[in-house]
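Take a look at the structure set out below.
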Amino acid sequence: MTTRIEQLLDGPPDPLFSWPETVWISPLIELYGFGVAARFDPGAGSSRYETARRLVGEWWGERMVIGDGPGPFAFASFTFDPHASGSVVIVPETVLARTGSDAWLVLNGQAPDFHGATEPEAHPDRARFAGSSLPDHLWMEAVVEALDAIEAGVVEKVVLARDHALWSKQPFDPRRTLIRLHQQFPECFTFLIEGLVGASPELLVGKEGLEVTSQVLAGSSRRAADPLEDETLGKELQTSAKNQLEHGLAASSVGRVLGEVCRYLKRPGAPELLKLANVQHLATRFEGTLDQPRHILDLVGALHPTAAVGGTPTEAAVGLIRRLEKMDRVRYAGPVGYFDGNGDGAFAIALRCAELAGARARLFAGSGLVTGSVPEDELEETRLKLRAMLSALE
């Protein structure tokens with residue numbers, strides 16, 4: 001299926017092909033938001049998902065929302081740490097939605113305006129490295145300290161991330177970055193929400209009516225150009241005791257939550273192999289039927305953070321993350337996605353992403369640590385994951 005973003009590359013945009021400020025592209029639906037009708041800060045704490053739901057619901061209830069298809073839609077991006085500020089919920093003035101061959105507009109009481117954003121220009125300058133919160137050797141020392149905590153029984157797993165700052169003589173264009181990410185990773189969830197741009201392979205939760213899905217990724221290996229070598233790497237990943245343990249803990253954290261709210265839940269007996277352009281993951285997909293109607297934000301709040309991006313036990317792992325990473329993850333590894341007026345929608349985990357602010361960019365990558373992890377290998381895994389975003393910003 002050709003996406004709207006790909007169509008934008010064919011030539012000068014007509015009114016329906018101008019550049020959106022907010023984007024969600026998945027295999028099931030494409031959403032392009034123009035303008036900002038409302039912007040909400042849900043605050044911090046465990047109540048932030050309920051606050052987001054309430055604020056948007058009240059706003060929709062006071063205004064006439066016009067559309068010839070499903071809707072209305074709101075986009076949301078939450079910080080990883082529930083105690084951190086920086087989460088945002090946006091209701092665009094106009095949303096262009098597309099599923100398969102069907103397309104429709106949703107107007108939040110406003111006349112459509114497709115000329116609010118200009119076409120991205122070719123980037124005139126290269127991205128330059130500006131440092132990390134922790135240099136490589138100090139990050140590996142943090143990994144060693146985390147492994148000591150695992151050996152002492154404080155946690156079974158913890159995910160440590162690192163950042164990679166860039167600067168340029170010209171502002172980074174998030175839409176140009178989004179296009180390149182979508183071209184490189186068309187099977188992923190591509191998003192652009194207020195400076196956060198990325199293409200995540202991991203679905204935290206999707207919901208339509210009573211049906212829910214989630215796909216857990218944990219355990220990674222590089223790809224190889226040679227098919228035989230690539231197949232060998234995949235088999236090694238599937239038979240690795242360390243990666244199986246890392247993945248099993250992540251899948252269990254999701255299965256435990258969904259099992260409490262679903263009257264039916266299906267999962268494969270063993271993780272499958274998900275191959276992307278630059279990396280391959282162990283993957284477990286859950287499909288279930290809820291025991292009663294629930295808003296997708298209720299599920300997001302119950303699931304986040306999974307052991308795939310935090311660790312287990314959750315509270316102890318997040319405590320280690322705060323102490324050892326020496327940085328604020330902001331919205332990296334937090335829930336990012338959309339929801340509609342029926343409480344349906346989809347949220348990915350904000351991976352393979354960057355926070356863009358003018359001529360500054362911050363990239364992130366993490367690695368799951370369990371018994372058997374080797375600091376040098378974990379550092380190389382983060383380098384592998386960072387290359388995807390670096391290539392989109394070059």
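The values are calculated or read from the model by the stated rules, or taken from the named source; none is laboratory data. Keep in mind that this is a model prediction, so the values were computed, not measured. Every residue, glycine as well, gets a Cβ built from its backbone with ideal geometry; the counts of neighbours run over all protein chains shown.
Which condition number in (1) closer than 26 Å to Y32 by Cβ; (2) under 20 Å from the mean Cα position of the chain (by Cα) is the one that G341 fails?
Just one mismatch for G341, condition (2).
Quick one: would you say P293 is modelled with pLDDT of 95 or more, on the phi < 0 side of the Ramachandran plot, part of a loop (DSSP other than H, G, I, E, B) and surrounded by 15 or more Cβ atoms within 10 Å (Cβ to Cβ)?
no
Considering each residue of the stretch 70-111, count those that are of a type in the set (D, E) and either touching a Pro at 6+ places or on another chain (Cβ under 6 Å) or part of a loop (DSSP other than H, G, I, E, B) (or both), and give that number.
Result for the stretch 70-111: 2.
Being of a type in the set (G, A, S) and surrounded by fewer than 19 Cβ atoms within 10 Å (Cβ to Cβ) is the filter here, so list the residues in the stretch 166-206 that pass it.
Within the stretch 166-206, S168, G195 meet the criteria.
Collect the residues in the stretch 259-290 that are under 15 Å from L217 (Cα atoms) and of a type in the set (F, W, Y), keeping them in residue-number order.
Matches in the stretch 259-290: F286 only.
Tell me, which residue of the stretch 43-68 that is of a type in the set (G, A, S) and either closer than 18 Å to H304 by Cβ or touching a strand residue (DSSP E or B) at 6+ places or on another chain (Cβ under 8 Å) (or both) is surrounded by the most Cβ atoms within 10 Å (Cβ to Cβ)? Reasoning before the result, please.
Residues of the stretch 43-68 of a type in the set (G, A, S): 43-47, 52, 57, 61, 67.
Adding the requirement that they be either closer than 18 Å to H304 by Cβ or touching a strand residue (DSSP E or B) at 6+ places or on another chain (Cβ under 8 Å) (or both) leaves 43-47, 52, 67.
On the way: G43: 13, A44: 17, G45: 11, S46: 9, S47: 13, A52: 25, G67: 17.
That would be A52.
Taking the stated definitions as given, is D163 more than 29 Å from R267 (Cβ to Cβ), buried (at least 18 other Cβ atoms within 10 Å of the Cβ) and touching a Phe, Trp or Tyr at 6+ places or on another chain (Cβ under 8 Å)?
Here the answer is yes, as D163 does meet what is asked.
Give the residues of the stretch 172-188 that are outside any helix (DSSP H, G or I) and closer than 13 Å to I25 by Cβ, sorted by residue number.
F185, P186, E187, C188
Given the conditions (1) at pLDDT 95 or above; (2) crowded, with 17+ Cβ neighbours inside 10 Å, which single one is not true for P313?
Exception for P313: condition (2).
Starting from residues that are free of Cβ contacts under 8 Å to residues at least 60 places away in the same chain and out of contact with any Pro (no Cβ under 8 Å at 6 or more places or on another chain), keep the ones in the stretch 142-177 and report whichever is nearest to L390 (Cα to Cα).
Per the stated criteria, the residue is D148.
Find the residue count for the stretch 213-248, including only residues that are in contact (Cβ under 8 Å) with a residue 60 or more places away in the chain, in a helix (DSSP H, G or I) and among the hydrophobic types (A, V, I, L, M, F, W, C).
Of the residues in that region, 2 qualify.
Condition test on G288, is it within 26 Å of R53 (Cα to Cα), out of contact with any strand residue (DSSP E or B) (no Cβ under 6 Å at 6 or more places or on another chain) and surrounded by 16 or more Cβ atoms within 10 Å (Cβ to Cβ)?
The answer is no for G288.
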